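Values quoted throughout were computed directly from the atomic coordinates according to the rules given, and no laboratory measurement underlies them. No experiment lies behind these values; they were computed from the predicted model shown. Because the Cβ atoms are built from the backbone with ideal geometry, glycine has one as well, and the counts that use them run over all protein chains shown.
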Amino acid sequence: MYSYAWFICTQGVSDTKWAIEYEEPAGQAFKQNHPDATVFVDNCNVILRAIMEKCGDVDDCISTTEAAELAAKLDENQKSTLPLPCQVDFINGGPPCHVYL
């Protein structure tokens, strides 16, 4: 069975530039299948919080205290690879909870 994410990528509808995977083995597998994508292995709430902080939208961000603390601990290299507004046209979340940007 193929996923919607697989379909849109293989049919040229979408080009995956960033992905968030919660588990390291899933992140490694995703990177092998999408070598040009930046893959974050973390909780998606942490990455999304860090993106909002990077863009100066932290006042509009509703997140847990834990997500805020973990986002603050990301190193500068990780933060430099986060997407900015207007770089992401489409967000695809697939089962169980994958997020592909």
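Say each of Asp36 and Glu69 gets a label point 7 Å from the Cα, pointing the same way as Cα to Cβ; how far apart are those two points in nm?
4.0
Once the piece of chain linking Val88 and Glu23 is laid out straight, how much longer is it, given 0.36 nm per residue of separation minus the C-alpha distance between them?
Here the segment from Val88 to Glu23 would lengthen by 21.1 nm.
Charges on Cβ only, +1 for Lys and Arg, -1 for Asp and Glu, centred on the Cα centroid of the stretch 27-71; of Met52, Gln28, Ser63, which one is farthest towards the dipole's positive end?
Gln28
Mind checking the stretch 1-92 for GluC sites (Glu not before Pro) that DSSP puts in a loop (not H, G, I, E or B) and that have at most 16 other Cβ atoms within 10 Å?
Counting only loop positions with at most 16 other Cβ atoms within 10 Å, the GluC sites (Glu not before Pro) in the stretch 1-92 are Glu23.
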